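Below is one structure; the comments refer to it alone.
The values are calculated or read from the model by the stated rules, or taken from the named source; none is laboratory data. Remember, predicted model here, so these are calculated numbers, not experimental data. No Cβ is skipped: glycine too gets one built from the backbone with ideal geometry, and neighbour counts run over all protein chains shown.
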């Protein structure tokens, strides 16, 4: 997969990158499978360094800069990158990252982030009232984002998702 950014016109974007689009679609499908379409609870973890792991996987300076996106960084660090599920044997698994059907360019990053989440400690239960986790698109750019099923969206009139998460700690 090649990425192109026009230095002369300042025009940029990844709408032309069909591999990336396909990757995001597979990431969404894996996410829904990993959390059993909302049947499995999601957990927060102490997985650290995920953004640096992601960026460090791009060894070419142009590739690294192309992927250095604040929207994707917020998805990975601040919100969803460290989410996990726990299987019937008590093993932790990343809710988002799975290298099995990831394009070659992203495989090292996704494998390393999944491994980091698997080795992390659970810090709490994850709940969100948002119907989209992440920002799928800004202008000419597509980003990391997943869409939870309605069952996964926290909605109580008497409590926010943050209050409910704090109550479960």
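Of all residues in the stretch 142-164, which are surrounded by 15 or more Cβ atoms within 10 Å (Cβ to Cβ), at pLDDT 85 or above and farther than 17 Å from residue 30 by Cα?
142, 153, 154, 161
Only residues that are out of contact with any helix residue (DSSP H, G or I) (no Cβ under 7 Å at 6 or more places or on another chain) and either outside any loop (DSSP other than H, G, I, E, B) or over 30 Å from residue 15 (Cα atoms) (or both): list them for the stretch 127-139, please.
137
Of the conditions (1) assigned to a loop (DSSP other than H, G, I, E, B); (2) under 17 Å from the mean Cα position of the chain (by Cα); (3) without any contact (Cβ under 8 Å) to a residue 24 or more places away in the chain, residue 114 fails just one. Which one is it?
Only one criterion in (1) assigned to a loop (DSSP other than H, G, I, E, B); (2) under 17 Å from the mean Cα position of the chain (by Cα); (3) without any contact (Cβ under 8 Å) to a residue 24 or more places away in the chain is unmet by residue 114, namely (1).
Test residue 109 against the stated conditions and say whether it is part of a loop (DSSP other than H, G, I, E, B) and buried (at least 18 other Cβ atoms within 10 Å of the Cβ).
no
Which condition number does residue 85 fail, the rest of (1) out of contact with any helix residue (DSSP H, G or I) (no Cβ under 7 Å at 6 or more places or on another chain); (2) modelled with pLDDT of 95 or more being met?
The single condition residue 85 does not satisfy is (1).
Each row is one residue, and each column tells you yes or no for (1) part of a strand (DSSP E or B); (2) over 20 Å from residue 43 (Cβ atoms).
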{"site": "82", "(1), (2)": "no, no"}
{"site": "89", "(1), (2)": "no, no"}
{"site": "93", "(1), (2)": "yes, no"}
{"site": "97", "(1), (2)": "no, no"}
{"site": "100", "(1), (2)": "no, yes"}
{"site": "120", "(1), (2)": "no, no"}
{"site": "148", "(1), (2)": "no, no"}
{"site": "162", "(1), (2)": "no, no"}
{"site": "165", "(1), (2)": "no, no"}
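Do you know which of the residues in the stretch 34-58 that are exposed (fewer than 15 other Cβ atoms within 10 Å of the Cβ) and modelled with pLDDT under 95 is farthest from residue 137 (Cα to Cα)?
39
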